[in-house]
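Just below is one structure, and these are the notes that go with it.
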Amino acid sequence: MSASTDIPLEDYHQCRLGRWHQHGEGYQRYARSEAYRALAAPHRRMHESGAEALKFARLGDHNGQLAALGVMEEASQQLALQLDNLMEHAIYEVPYSSSHHSPLAGAP
């Protein structure tokens, strides 16, 4: 890893998506949706495996680091799929008011 391994990571509750999902408009609008609830597991797994990859990097365990990054990538792909499902749900079942701006707009 080229980035510093001393920088603490946000957990899945603290990041922008986590705040939107657990306390923000996402929770208020979509909490009853299966597509919404399906976000939690891959989101948590992505953060946990990222933290694990950093732990292995600090220990100099490159094989462990690569394995954890593989889990993180898989979780990221699953999260993207679930976000697509939620977007489809929002478009076809719960129209999103044009006066609201997505809290994820401009997110990296």
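The values are calculated or read from the model by the stated rules, or taken from the named source; none is laboratory data. Since this is a predicted model, take the numbers as computed values, not measurements. Counting neighbours? That spans all protein chains shown, and the Cβs are built from the backbone with ideal geometry, glycine included.
So here's what we get for this one:
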| read-out | value |
| --- | --- |
| Out of Glu25, Glu52, Glu10, sole residue that is within 19 Å of the chain's Cα centre (by Cα) and modelled with pLDDT of 85 or more | Glu52 |
| Residues that are farther than 21 Å from Gln28 by Cα and either surrounded by 16 or more Cβ atoms within 10 Å (Cβ to Cβ) or at pLDDT below 90 (or both), drawn from segment 61-100 | Gln65, Ala68, Leu69, Val71, Met72, Ala75, Ser76, Gln78 |
| Single residue of Arg45, Arg58, Arg19, Arg32 found to be charged (D, E, K, R), in a loop (DSSP other than H, G, I, E, B) and at pLDDT 85 or above | Arg32 |
